[in-house]
Amino acid sequence: MTDSEISFDSQRRVHQASAVAPDAPLLEIQNITKTFGSVISLSDISTTVRAGQVTCVLGDNGAGKSTFIKTLAGVYQPDHGQLLMDGKPVTLSSPRDSLNAGIATVYQDLAMVPLMAIWRNFFLGSEPTKGWGPFRRFDADKAKSITRKELSDMGIDIRDPDQPVGTLSGGERQSVAIARAVYFGARLLILDEPTSALGVKQAGVVLKYIVQARDRGLGVIFITHNPHHAYPVGDRFLLLKRGRSLGDFAKSEISLAELTGLMAGGAELEQLAHELQRPGSEGPEGSADAGPAGDEVSEAGRSMLRDSSTLGQ
Amino acid sequence: MTTAAVRGDERIANVSVLRRLLVKPEFGSLIGALVVLVFFATQSDVFRSTSGVANWLDTASTVGLMAVPVALLMIGGHFDLSAGVQTGTAGLATGIMTTYWGLHVYASLVVSLLLMLAIGFLNGYLVTRTGLPSFIITLGTFLGLQGINLGVTKQVTNTVQVSNLDLVPGYRPLKDIFGSTISISGNGFQIAILWWVLFTALGSYLLLHTRFGNWVFATGGDPNASKNVGVPTGRTTIALFMLTSAFAWFVGNTQIIRFGTIQAQVGIGQELIFIVAAVIGGCLLTGGYGSVVGAAVGALIFGMTQQGIVYAGWNSDWFKLFVGAMLLLAVLANQVVRRYAEQSRR
């Protein structure tokens with residue numbers, strides 16, 4: 001009962017302050033390496049995150065995305081390399097450390113308890129209290145009104161904060177989790193595959209919230225395996241494959257087509273496209289979620305791109 | 001709070017009062033209690049007389065006091081199969097230390113409380129440390145304590161009971177606190193009923209209006225998610241097991257102080273009754289959902305049925321059949337109600 005006696009107000013940092021120097025990197029990740037026994041999960045990974053920008057981390061299954069997140073979230077400590085927050089080296093030895101540094105992680109499993117009301121979930125682990133000593137109690141009115149306000153600020157329309165989280169749709173849940181992280185003074189938001197379990201429309205909604213968070217001056221790390229979700233919102237792209245970096249690009253340095261090609265492994269993609277191609281026919285023309293595909297890909301490659309966005313889900 | 005709340009109220013106005021009630025986990029048990037009450041009241045005059053009420057409230061309070069921590073623990077995602085036998089351990093420890101080892105009864109009470117807290121800590125620590133189901137861990141403590149209760153009692157007293165606590169100095173005030181009766185229209189109501197109501201209110205407050213309560217829901221609902229957002233799930237679990245043991249201390253000592261005597265086998269089998277009360281009261285077996293008030297109502301149903309069968313002149317051998325049927329009925333009803341309630345909110 002005595003855990004985290006840090007007062008409620010000190011936990012909630014003022015995140016607007018982070019928008020002061022937009023050019024200085026918020027977080028620099030320098031040559032991070034992490035091994036588990038003889039397995040190299042991450043090898044020499046570097047990238048930067050700036051306030052008000054989105055850094056996308058792309059990779060297929062087994063690329064090391066989860067290890068990467070958990071290193072930033074304080075669950076794992078890197079074997080080599082360092083993290084610089086505002087230019088100063090930081091050690092994140094627990095999830096709590098990471099939270100205190102202003103890094104909030106929205107996990108794929110959402111870190112929300114389905115049977116509990118939205119407002120209880122919103123403040124879980126950082127409940128506001130009122131009263132003193134033995135009469136210190138969970139300030140439910142405050143929690144409810146803040147929950148409602150924060151959600152409506154994000155453009156999320158929740159009828160009733162008493163509703164169990166389990167009754168929300170996947171996109172709504174993701175949005176609540178993002179709103180929660182933003183409220184609790186996150187300066188850096190790590191989103192672990194927030195769109196992967198969602199339909200096209202719901203994924204679009206979540207992408208909008210990512211942009212919202214970015215525009216509020218937060219640095220965002222957006223983990224995904226879907227370049228079509230990453231490219232429209234991303235400012236920087238780190239590609240991982242089997243624990244290694246395939247490159248760390250600014251948006252100006254890479255097109256969606258190149259990104260997709262790199263992710264699927266270029267030649268492998270074309271090979272696969274050939275294998276899948278029906279003899280004497282080409283894929284159907286035009287698709288809503290194909291995005292602004294570059295001109296330099298072949299027709300077969302482009303149809304592959306379309307498919308990859310659905311296959312990936 | 002001001003504008004946002006008003007706007008929010010408008011938006012939730014379409015959730016009807018009935019549905020708001022249905023969402024409460026204890027709703028089903030309240031209906032059940034009402035049915036049982038009306039049923040036995042029509043069957044028997046004694047049941048509705050003051051002495052009858054005093055009697056079934058007494059039965060209910062013994063179960064109900066333990067149902068408070070057992071419900072909290074179940075909402076927190078765990079069972080304590082040793083909850084019943086621990087009441088015996090607590091009473092026997094106080095009795096043996098006072099009447100055989102010459103410790104003052106107050107000192108014995110303090111020592112036995114520390115002992116119980118240690119047992120609760122052990123239960124909680126083993127569960128959180130090993131990650132094994134609490135069912136197995138506390139089955140171990142259940143059997144272990146059962147052996148210790150009988151073994152130590154026989155060793156020390158050469159009998160299977162500890163008695164004469166009512167002869168020690170300082171007994172009188174204890175009797176007033178733990179075992180006195182309050183007279184209402186000529187009939188004695190056990191003070192334990194008052195403690196039961198008080199502790200149910202406190203337990204419910206703890207669950208619904210404190211940070212700890214929020215952590216209890218979260219720990220039972222999804223321990224991984226809770227850990228990720230910084231809820232100390234391990235410490236919450238240990239605290240719940242210790243709370244259960246502290247209540248066992250209270251109930252066990254109430255027994256020995258009220259009667260002056262306690263049997264070595266006392267409490268064995270009761271652990272399941274506590275769980276039944278919690279489940280009838282709407283606690284989800286898998287954790288994360290439930291109510292302390294509901295558990296109290298579950299205990300009330302248990303008390304009314306046990307005494308009601310006797311008052312109605314039926315063969316009390318069949319009592320457990322009723323409890324079993326009621327448990328199944330309650331679980332089914334709760335499930336239906338919860339599904340309906342959650343659907344209605346979409």
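The values are calculated or read from the model by the stated rules, or taken from the named source; none is laboratory data. If you're wondering where the values come from, they're calculated on a predicted model, not measured in any experiment. When we count neighbours, we look across all protein chains shown, and the Cβ atoms used for this are built from the backbone with ideal geometry, even at glycine.
Selection of the range A:233-262 for residues being hydroxyl-bearing (Ser, Thr, Tyr) and either under 23 Å from A:PRO194 (Cβ atoms) or surrounded by 23 or more Cβ atoms within 10 Å (Cβ to Cβ) (or both) yields A:SER245, A:THR260.
Could you tell me which of the residues B:ASN253, B:ASN224 is within 27 Å of A:LEU99 (Cα to Cα) and in a helix (DSSP H, G or I)?
Values: B:ASN253 fails: within 27 Å of A:LEU99 (Cα to Cα).
Selected residue: B:ASN224, the only one of B:ASN253, B:ASN224 that is within 27 Å of A:LEU99 (Cα to Cα) and in a helix (DSSP H, G or I).
Looking at A:GLN77, is it surrounded by fewer than 16 Cβ atoms within 10 Å (Cβ to Cβ) and in a loop (DSSP other than H, G, I, E, B)? The answer is yes for A:GLN77. Pairs meeting the criteria (first residue in the range A:150-163 and facing another protein chain (nearest Cβ under 8 Å), second residue not aliphatic (A, V, I, L, M), beta carbons under 6 Å, at least 6 apart or on different chains) are A:ARG159/B:ARG11; A:PRO161/A:TRP119; A:PRO161/A:LYS144; A:PRO161/A:THR147; A:PRO161/A:ARG148; A:GLN163/B:ARG345. Can you find a residue that is more than 10 Å from every other protein chain (Cβ to nearest Cβ), in a helix (DSSP H, G or I) and under 20 Å from B:PRO69 (Cβ atoms) anywhere in the range B:163-177? Yes. Would you call B:ALA312 surrounded by 21 or more Cβ atoms within 10 Å (Cβ to Cβ), away from chain A (no Cβ under 14 Å) and of a type in the set (A, V, I, L, M, F, W, C)? It is false that B:ALA312 is surrounded by 21 or more Cβ atoms within 10 Å (Cβ to Cβ), away from chain A (no Cβ under 14 Å) and of a type in the set (A, V, I, L, M, F, W, C). Answer yes or no as to whether B:SER291 is at pLDDT below 90, surrounded by 23 or more Cβ atoms within 10 Å (Cβ to Cβ) and within 13 Å of chain A (Cβ to nearest Cβ). Judged against the criteria, B:SER291 is not a match.
Applying the set (1) more than 17 Å from B:ALA225 (Cα to Cα); (2) away from chain B (no Cβ under 14 Å); (3) among the small types (Gly, Ala, Ser) to A:GLY131 leaves exactly one unmet item: (2). Flag: A:ALA104 matches the condition of being part of a strand (DSSP E or B) and either surrounded by fewer than 24 Cβ atoms within 10 Å (Cβ to Cβ) or touching a residue at least 24 places away in the same chain (Cβ under 8 Å) (or both).
Here's the yes/no breakdown for (1) surrounded by fewer than 24 Cβ atoms within 10 Å (Cβ to Cβ); (2) more than 8 Å from every other protein chain (Cβ to nearest Cβ); (3) over 24 Å from B:ALA118 (Cα atoms):
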{"position": "B:GLN190", "(1), (2), (3)": "yes, yes, yes"}
{"position": "B:LEU198", "(1), (2), (3)": "yes, yes, yes"}
{"position": "B:GLY220", "(1), (2), (3)": "no, yes, no"}
{"position": "B:SER226", "(1), (2), (3)": "no, no, yes"}
{"position": "B:LEU240", "(1), (2), (3)": "no, yes, no"}
{"position": "B:ALA246", "(1), (2), (3)": "yes, yes, no"}
{"position": "B:TRP249", "(1), (2), (3)": "no, yes, no"}
